Amino acid sequence: DIPCIFLAGGCMLGGPAFGNKLKSDSTSSEEAHGMFQAGKLSMEKVLELTNSCCPTIGSCQHMATANSMCCMAEALGMSLPGSGAIPAVYNERTRAALRTGEVAVEMVKKGLTARDILNEESIKNSIMVLMATGGSTNCVIHTVAIAHELGIPAEKVMGWFEEYGNTVPLISKIVPASQEFDGEDFYKAGGIPEVQRQLASILYNDCMTVTGKTIAENVAEYKSYYPKNPKVITSLDNPHSTLAGLAIMHGNLAPNTAVAKPAAIAEEVRHFVGKAICFDGEDATNEAIGKQLVKPGHVVVVRYAGPKGAPGMPEMFKPMKLLYGQGLNKCTALITDGRFSGTNNGCFVGHISPEAASGGPIALIEDGDEIEIDVVNRKLELKVSEEELEARRARFHYEPRKVTGYLARYARDAESADKGGVLK
């Protein structure tokens, strides 16, 4: 509980047009690689795109994990108004860095600390902003972990995600939810202050921030250099979608919870029924996709990728991007006890809890099992009888990966994803 302020690094600018996107981005090279595997693109073109899709420094161009967490820090009140979305190469990023240092000194003089800012209401504000902007699924686990440090139970936070997932519409749309606009466009459209302005009727506007002023005061004072763009940030009255950016899933495959991102899931695959094809870990999954073993109608199951199983729950983005490149993003799905990159689109569900390494139902899936994913109704179901699952459970055996040191300690003591992956 000390004076503390967060300075984001900022997103990179977009690359040349690629496919149906006006601008390529940091994951376009993986999509192109999938196209190469499917015989749709030459390796020369793949390499050209690889060399051009990341033209500047910065985090990726998406509303993915890095940008979502930077925007979340701003929504929490822990960074300067408007600073979360400034592109890395803009002069305004340097000015924000200078001002951040000045405000840090001011916070010390005022005695303004992190716990003066972070509380239940600021957490709720950040969740509402995430829902409205189509933030990364990873923000769920990070939010729960932050709340854990504040002594707020995980179940309470997941309840807020469910509540706001049912009430806050999607009012901002950039990649991966959009094929047209990226992080730079989000900043120019007004960034988080404009989102907060549009959400003012439902936010806790009196929450304190690092500036020593409230959310409402910061938003009133914030001036953008650019005109508003309702194609990027619209209003509560006219949202891009009445379905929130994130969805907490339940069902016999997720006795605790799982997380999906409706903002990045095409309407035609928000309800998907298919046959399981199972892999233990991301590497085996990528190898199988590369050999084109995944076919239309498959639900790819990636397990032992959770906090205990991996261990450490590393972020995966390649499987979905390869499927996209092979043209399978709207005829396959992917579920995992691990976590995704926020850049992904297609039909996907992650953070399935309990994880396979803890004996969760995802460990019991067999190739050919029917799986139903219903994003709109928040359901994730394995169409196998309870009697058969009990028989499989009796045969289940888990052999942990051989790891040492801190990884071994983490694998032993880590809570599940729905608890924030924190240590017991």
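The values are calculated or read from the model by the stated rules, or taken from the named source; none is laboratory data. Quantities reported herein were computed from a predicted structural model and do not represent experimental measurements. Backbone-built Cβ (ideal geometry, glycine too); neighbour counts: all protein chains shown. We work out accessible area using only protein heavy atoms, side chains counted, and drop any ligands, DNA or RNA first. Shrake-Rupley method; radii C 1.70, N 1.55, O 1.52, S 1.80 Å.
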Return yes when residue 35 is in contact with a Cys (Cβ under 7 Å, 6 or more places away or on another chain), touching a residue at least 60 places away in the same chain (Cβ under 8 Å) and not in a loop (DSSP other than H, G, I, E, B) and no when it is not. no
Residue 170 is checked against (1) buried (at least 21 other Cβ atoms within 10 Å of the Cβ); (2) closer than 30 Å to residue 56 by Cα; (3) more than 18 Å from the chain's Cα centre (by Cα) and fails just one. What number does that condition carry? (3)
Tell me which residues, restricted to segment 14-53, are open to solvent by 50 Å² or more (accessible area, probe 1.4 Å), more than 24 Å from residue 87 (Cβ to Cβ) and within 25 Å of the chain's Cα centre (by Cα). 33
Segment 62-80, subset assigned to a loop (DSSP other than H, G, I, E, B) and modelled with pLDDT under 95, residue surrounded by the most Cβ atoms within 10 Å (Cβ to Cβ): 63
So which residues in segment 252-269 are of a type outside the set (Lys, Arg) and either in contact with a helix residue (DSSP H, G or I) (Cβ under 9 Å, 6 or more places away or on another chain) or within 19 Å of residue 72 (Cα to Cα) (or both)? 252, 253, 254, 255, 256, 257, 258, 259, 260, 262, 263, 264
If we keep only residues of segment 314-362 that are hydrophobic (A, V, I, L, M, F, W, C) and in a strand (DSSP E or B), then the residue nearest to the chain's Cα centre (by Cα) is 340
Looking only at segment 401-424, count every residue that is within 27 Å of the chain's Cα centre (by Cα) and either part of a loop (DSSP other than H, G, I, E, B) or of a type in the set (Ser, Thr, Tyr) (or both) and tell me the total. 9
Within segment 234-290, can you find the residues that are part of a loop (DSSP other than H, G, I, E, B), open to solvent by less than 30 Å² (accessible area, probe 1.4 Å) and of a type outside the set (Gly, Ala, Ser)? 234, 243, 246, 253, 261, 265
Conditions (1) in contact with a Lys or Arg (Cβ under 9 Å, 6 or more places away or on another chain); (2) open to solvent by 40 Å² or more (accessible area, probe 1.4 Å); (3) not in a helix (DSSP H, G or I): number failed by residue 206: (1)
Filtering segment 377-400 down to residues that are assigned to a loop (DSSP other than H, G, I, E, B) and in contact with a strand residue (DSSP E or B) (Cβ under 6 Å, 6 or more places away or on another chain), which residue is surrounded by the fewest Cβ atoms within 10 Å (Cβ to Cβ)? 383
Could you say which residue among 179, 198 is modelled with pLDDT of 95 or more and open to solvent by 30 Å² or more (accessible area, probe 1.4 Å)? 198
Can you find even one residue in segment 295-302 that is basic (Lys, Arg), more than 23 Å from residue 355 (Cα to Cα), open to solvent by 10 Å² or more (accessible area, probe 1.4 Å) and not in a strand (DSSP E or B)? yes
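Which residues, taken from segment 136-158, are open to solvent by 20 Å² or more (accessible area, probe 1.4 Å) and either more than 23 Å from residue 423 (Cβ to Cβ) or of a type in the set (A, V, I, L, M) (or both)?
Matches in segment 136-158: 145, 146, 150.
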Cβ-Cβ under 6 Å pairs, at least 6 apart or on other chains, segment 222-237 side more than 12 Å from residue 171 (Cβ to Cβ), far side not in a loop (DSSP other than H, G, I, E, B): 222/193; 226/188
